[in-house]
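J.: The structure that follows is given in the form of structure tokens.
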């Protein structure tokens, strides 16, 4: 049986220029940033930093949802440390991700169960599954 999709939200942005000297803005005006290359001294952020923030926020929300549904209380100190690598094999650029999940106060087996389920439901994890290297560590 096919599930019915319900649109929850659409983020709309416009970027002028690229990572070297661009600007990106959301149509609602909330996001307004300068872009820079990772090796640049220019003030601005880069796409990899934006991906790290977006993925860690989404993953944290997924962990919270899974814990809530399982009746597992979470500490207010849950943290997701995200690292997004931009690599090159001389032919093309490749993205890699590492997530370090801090779930203080949980038994290791409970933490593993929550993180495994969060990986299953997190929109960023689902969108990239099988496409890029993603390593998740629980501390």
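J.: I'd like to check something: does region 35-42 contain any residue that is without any contact (Cβ under 8 Å) to a residue 12 or more places away in the chain and part of a loop (DSSP other than H, G, I, E, B)?
T.: Within region 35-42 (the criterion being without any contact (Cβ under 8 Å) to a residue 12 or more places away in the chain and part of a loop (DSSP other than H, G, I, E, B)), the answer is yes, since at least one residue qualifies.
J.: Separate question: Suppose we keep only residues that are in contact with a strand residue (DSSP E or B) (Cβ under 6 Å, 6 or more places away or on another chain) and in contact (Cβ under 8 Å) with a residue 12 or more places away in the chain within region 15-34. Which one would you say is nearest to residue 93 (Cα to Cα)?
T.: Among those residues, the one meeting the criterion is 19.
J.: Among 83, 92, which is the only one that is within 18 Å of residue 128 (Cβ to Cβ), modelled with pLDDT under 95 and outside the structural domain of residue 20 (by TED's automatic domain parsing)?
T.: Every option except 92 fails the conditions.
J.: For residue 110, are the conditions met, namely being without any contact (Cβ under 8 Å) to a residue 60 or more places away in the chain and surrounded by 12 or more Cβ atoms within 10 Å (Cβ to Cβ)?
T.: yes
The values are calculated or read from the model by the stated rules, or taken from the named source; none is laboratory data. The model shown is predicted, which means the values in this text are computed figures rather than measured ones. Glycine gets a Cβ as well: all are built from the backbone with ideal geometry, and neighbour counts include every protein chain shown.
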